[in-house]
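Quick notes on the structure that follows.
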Amino acid sequence: MSYSLRLRPELVEDAHEAFAWYEAAATGLGHELLRCYFAAVAIAQREPLLFPKIYGEFRRVLLDRFPYALYFRIERKTIIVFLLIHCARNPVSIRRALRKRGTAD
């Protein structure tokens, strides 16, 4: 099955914050993070059912090389990516962010 892709607008800020932190740590590392982010988005779109449901209908893709996770949901034939977040965050704050973003449209 072929899926279309929709990225929530809040992802821009998520990615920008992560990029800025890693780029400040070492030049070029922020760009590597973005490469891994886009690779995770692509695999979620190609093979979404490979990833288990973590919170309700939300599924999670772990980024390669970086301690970040991408959360998405399958709605009909569309993959909607909601959140990019550091894996060390409190699970309660992750659920809260997913609830907030998952109901706002």
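Quick notes on this one:
- Residue check, V41 free of Cβ contacts under 8 Å to residues at least 60 places away in the same chain, in a helix (DSSP H, G or I) and within 9 Å of the chain's Cα centre (by Cα): yes
- Residue in the stretch 62-102 that is farthest from L5 (Cα to Cα), counting only those that are assigned to a strand (DSSP E or B) and of a type outside the set (A, V, I, L, M, F, W, C): H86
- Meets criteria (at pLDDT below 95 and part of a loop (DSSP other than H, G, I, E, B)) for S2: yes
- Candidates L11, L34, filtered to the one that is within 12 Å of the chain's Cα centre (by Cα), in contact (Cβ under 8 Å) with a residue 60 or more places away in the chain, in a helix (DSSP H, G or I) and more than 24 Å from M1 (Cα to Cα): L11
This table checks each residue for (1) touching a Cys at 6+ places or on another chain (Cβ under 9 Å); (2) farther than 20 Å from K100 by Cα; (3) in contact (Cβ under 8 Å) with a residue 12 or more places away in the chain.
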{"residue": "L7", "(1), (2), (3)": "no, no, yes"}
{"residue": "F19", "(1), (2), (3)": "no, yes, yes"}
{"residue": "L62", "(1), (2), (3)": "yes, yes, yes"}
{"residue": "A69", "(1), (2), (3)": "yes, no, yes"}
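The values are calculated or read from the model by the stated rules, or taken from the named source; none is laboratory data. Here the structure is a predicted model, which is why all the values come from computation and not from measurement. Glycine gets a Cβ as well: all are built from the backbone with ideal geometry, and neighbour counts include every protein chain shown.
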